[in-house]
Amino acid sequence: MPKILAIDTSCDDSSAAVVEGSVVFSNIVASQNQIHKQYGGVFPTVAKQEHQKNLDPAINLAMKQAQVDWSEIDAIAVTVGPGLAPALEVGINKAKELAQKYNKKIIAVNHIEAHALSALAINNGQKNDLSSPKLPSLAVVISGGHSEFILVDAIGHYQKIGQTIDDAAGECLDKVGRLLNLGYPAGSLLEKFAKKGRPDKFIFPKAMTSQANFDLSFSGLKTAARNLIANLEKQDKLNKQTIYDLALAMQTAVFEQIAYKLERILLSPNLEQGLYPNRDFMKHLKKGQAIPTKINEIWLGGGVAANISLRQVIRKTLNKYKNLSGKKIALKVPYSKKLCGDNAAMIGLVANFKYSRGESTEIDSLDRKPNFAIGE
Ligand code: KG4
Ligand code: ZN
């Protein structure tokens, strides 16, 4: 299997990795969180400057940790989109420079495809096998920029069947975190706070339940949280405990919405056409009655996939579905937290699949695709 050096500079992390097949040899992530924290979000020009500083050391460290030299590298993989154009440019230029210098092929990778497949990556020491996935599967990508349900019929063959119509789930958590002055990004801190929250203290309504599709929406939730925070402030009730309660209520609302749509996907008689089980159907659905879905596995990816409560909510949904249909669906999650957030190992994994299909990109046609959709 080929050894691939992979680069990701799509947003605010400068990352480099060495991957062979599905085995991750190294995965270096130089985070810019401390820098962007003061702004409460990512500034593209600042991100670009930081990538220019951090990318070379990240690549050198990735090569060193993997104990490889350039003669052993078969190809260079790089994220071409989606992402911030100035940030993507740094990784792409570096990939071109290295490919010319060491005479290597370049493989262009879609960042969302990489999150979608990230649960398939394995640790060094495990059996290296690119043929393992039980297809079709459903990739659930929940990050700071995206929230998508992607049907995977074959690796490289994707159909997006649902997505957020406004904010991404992580973005919603980050925005509420900013209102509470928790710094950026706020997802993991909210997870910690939610553990101390009292259930049912605040309840946000579940969005998108009357829309008969697989789409999600989080901007209404953000507005509801903003109003609640303003009210609590006015009444001088915004204290540690109410912030914990709010964190729990937010997380619950975001994750329950994802689980609700996931359940509808699994119970749908025709996924491609988005044929949707209606309320009546759901009300009368009895144990063991549901038509088994063709989906065999759920692959969870993206920064928010690191959240243990999200994984629990999804597992609960899969158990409920098993009761209704008799079919057991496995949940695969990335083997480390680093593989959930932005990282280059997932880029290297996708590139390995592409390499095995003989796909590469000419240097002259390699360019940024800030709005690159999966399956395009
Ligand atoms: O995948 P990612 O690193 O970047 C994008 O491609 O967007 O995702 C970052 C997002 C942020 O919104 C961050 O708050 C969220 O992932 N996140 C979490 C957790 N860790 C990171 N959200 C909830 N719980 C976590 N433990
Ligand atoms: Zn990402």
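At a glance:
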quantity	calculated
From the options D342, D367, residue that is of a type in the set (D, E, K, R), crowded, with 21+ Cβ neighbours inside 10 Å and at negative phi	D342
Test: residue in the range 350-357 that is β-branched (V, I, T) and open to solvent by less than 30 Å² (accessible area, probe 1.4 Å)	yes
Unmet requirement for G183, which otherwise passes all of (1) touching a Lys or Arg at 6+ places or on another chain (Cβ under 8 Å); (2) outside any loop (DSSP other than H, G, I, E, B)	(2)
Helices (runs of 4 or more DSSP H) enclosed by the range 279-376 - at least 3 residues per element that are closer than 30 Å to K196 by Cα	308-325
Boolean, A121 is modelled with pLDDT under 95 and either open to solvent by less than 50 Å² (accessible area, probe 1.4 Å) or among the hydroxyl-bearing types (S, T, Y) (or both)	no
Residue satisfying all of: in the range 261-301; in contact (Cβ under 8 Å) with a residue 60 or more places away in the chain and either outside the structural domain of L318 (by TED's automatic domain parsing) or of a type in the set (F, W, Y) (or both); farthest from S118 (Cα to Cα) among these	Y276
Any hit, the range 44-61, residues being in contact (Cβ under 8 Å) with a residue 60 or more places away in the chain, open to solvent by less than 40 Å² (accessible area, probe 1.4 Å) and touching a Leu at 6+ places or on another chain (Cβ under 9 Å)	no
Exclusive hit being touching a Pro at 6+ places or on another chain (Cβ under 8 Å) and not aromatic (F, W, Y), set L61, L98, L88	L88
Counted residues, the range 201-239 - those being more than 24 Å from G144 (Cα to Cα), part of a loop (DSSP other than H, G, I, E, B) and open to solvent by less than 30 Å² (accessible area, probe 1.4 Å)	0
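The values are calculated or read from the model by the stated rules, or taken from the named source; none is laboratory data. Since we're looking at a predicted model, the values are computed, not measured. Counting neighbours? That spans all protein chains shown, and the Cβs are built from the backbone with ideal geometry, glycine included. Just the protein is used for accessible areas: all its heavy atoms, side chains included, with ligands, DNA and RNA removed. Shrake-Rupley method; radii C 1.70, N 1.55, O 1.52, S 1.80 Å.
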